[in-house]
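Beneath this line is the structure, given in structure tokens, with notes to follow.
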Amino acid sequence: QKEVEQDPGPLSVPEGAIVSLNCTYSNSAFQYFMWYRQYSRKGPELLMYTYSSGNKEDGRFTAQVDKSSKYISLFIRDSQPSDSATYLCAMKMTTDSWGKLQFGAGTQVVVTP
Amino acid sequence: DAGVTQSPTHLIKTRGQQVTLRCSPKSGHDTVSWYQQALGQGPQFIFQYYEEEERQRGNFPDRFSGHQFPNYSSELNVNALLLGDSALYLCASSSGGGSYEQYFGPGTRLTVT
């Protein structure tokens with residue numbers, strides 16, 4: 001079993017819809033949670049990061065962490081065709097003194113005009 | 001403000017050969033991490049360099065080695081290339097060694113034939 005699980009999709013939504021993405025994890029030592037966006041054949045771009053539980057909002061993006069369920073989510077409101085990309089969740093353990101991030105496999109999102 | 005840069009963009013090598021990839025971190029960052037991303041997968045942590053030393057290593061064989069220079073730039077070396085080493089190699093920069101806030105470069109796509 002992988003430590004970080006993410007549905008690969010693809011997830012297809014019409015323009016203007018809400019995109020809902022999620023990851024589950026198995027190790028409760030994960031305390032730092034990140035979402036990256038990766039366009040085809042490009043490097044990942046850091047979208048948002050959160051520590052421990054709770055919600056964080058940045059423009060059209062909302063990240064949620066539910067540590068009791070070991071479940072994190074990313075919501076994209078008013079989706080645009082330019083949001084079409086692969087979204088990667090990443091996590092880091094507090095027990096880890098250095099910077100190893102563990103990633104999910106990524107979910108491909110397609111926003112159709 | 002220059003972001004993370006990597007060179008070369010693409011590389012084709014033959015099985016058994018050796019390759020060197022290069023990375024310059026974002027201005028103000030002193031830590032470099034390397035990741036391998038196979039097609040359709042999330043990035044996998046190779047190792048991290050801070051203060052010119054390898055601080056943490058993922059589950060990769062000794063064929064993978066690296067170096068960090070006094071100006072914080074870094075190299076990734078892979079010896080005795082295997083077909084399975086074909087992937088996108090990503091460099092991420094951060095500040096202070098243990099940060100979860102990592103910024104990725106565009107990657108080097110390595111093809112081993």
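The values are calculated or read from the model by the stated rules, or taken from the named source; none is laboratory data. Just so we're clear, the structure is a prediction, and the values are computed from it rather than from any experiment. As a convention, Cβ positions derive from the backbone with ideal geometry for all residues, glycine included, and neighbour counts pool all protein chains shown. Please note that ligands, DNA and RNA were not included when accessible areas were found on the heavy atoms of the full protein model with its side chains. Shrake-Rupley method; radii C 1.70, N 1.55, O 1.52, S 1.80 Å.
A few points about this structure:
- Residues of the range B:9-45 that turn out to be touching a Leu at 6+ places or on another chain (Cβ under 7 Å), more than 10 Å from chain A (Cβ to nearest Cβ) and among the hydrophobic types (A, V, I, L, M, F, W, C), as a count: 4
- Members of the range B:77-98 found to be in contact with a Lys or Arg (Cβ under 9 Å, 6 or more places away or on another chain), closer than 19 Å to A:Gly43 by Cβ and within 7 Å of chain A (Cβ to nearest Cβ), listed by number: B:Ser94
- Taking first residues from the range B:8-30 that are hydroxyl-bearing (Ser, Thr, Tyr) and partners that are surrounded by fewer than 11 Cβ atoms within 10 Å (Cβ to Cβ), the Cβ contacts under 8 Å between residues at least 6 apart in sequence or on separate chains come to B:Thr14/B:Thr113; B:Ser24/B:Ala2; B:Ser27/B:Asp1; B:Ser27/B:Ala2.
- One residue stands out in the range A:88-113 among those that are polar (S, T, N, Q) and in contact with a Ser or Thr (Cβ under 8 Å, 6 or more places away or on another chain): the one that is farthest from A:Ser28 (Cα to Cα), namely A:Thr112.
- Residue within the range B:13-33 that is in a strand (DSSP E or B), over 14 Å from the mean Cα position of the chain (by Cα) and not β-branched (Val, Ile, Thr) present: yes
- Answer residue from the range A:60-69, given it is modelled with pLDDT under 95 and not in a strand (DSSP E or B) and is farthest from A:Asn22 (Cα to Cα) among those: A:Ser68
- Residue match in the range A:75-88 (condition: open to solvent by less than 30 Å² (accessible area, probe 1.4 Å), within 9 Å of chain B (Cβ to nearest Cβ) and either part of a strand (DSSP E or B) or of a type in the set (A, V, I, L, M, F, W, C) (or both)): yes
- Residue check, B:Leu110 within 11 Å of chain A (Cβ to nearest Cβ) and part of a strand (DSSP E or B): no
- Scanning the range B:40-49 turns up one or more residues that are over 16 Å from A:Ala90 (Cβ atoms) and surrounded by 16 or more Cβ atoms within 10 Å (Cβ to Cβ).
- Taken over the range A:12-44, the criterion of being open to solvent by 60 Å² or more (accessible area, probe 1.4 Å) and not small (Gly, Ala, Ser) is satisfied by A:Pro14, A:Glu15, A:Ile18, A:Tyr39, A:Arg41, A:Lys42.
- Conditions (1) among the charged types (D, E, K, R); (2) open to solvent by less than 40 Å² (accessible area, probe 1.4 Å); (3) in contact with a Lys or Arg (Cβ under 9 Å, 6 or more places away or on another chain); (4) facing another protein chain (nearest Cβ under 10 Å); number of the one not met by A:Lys100: (2)
- When A:Glu57 is tested against (1) outside any strand (DSSP E or B); (2) farther than 19 Å from A:Gln108 by Cβ, exactly one condition is not met: (1).
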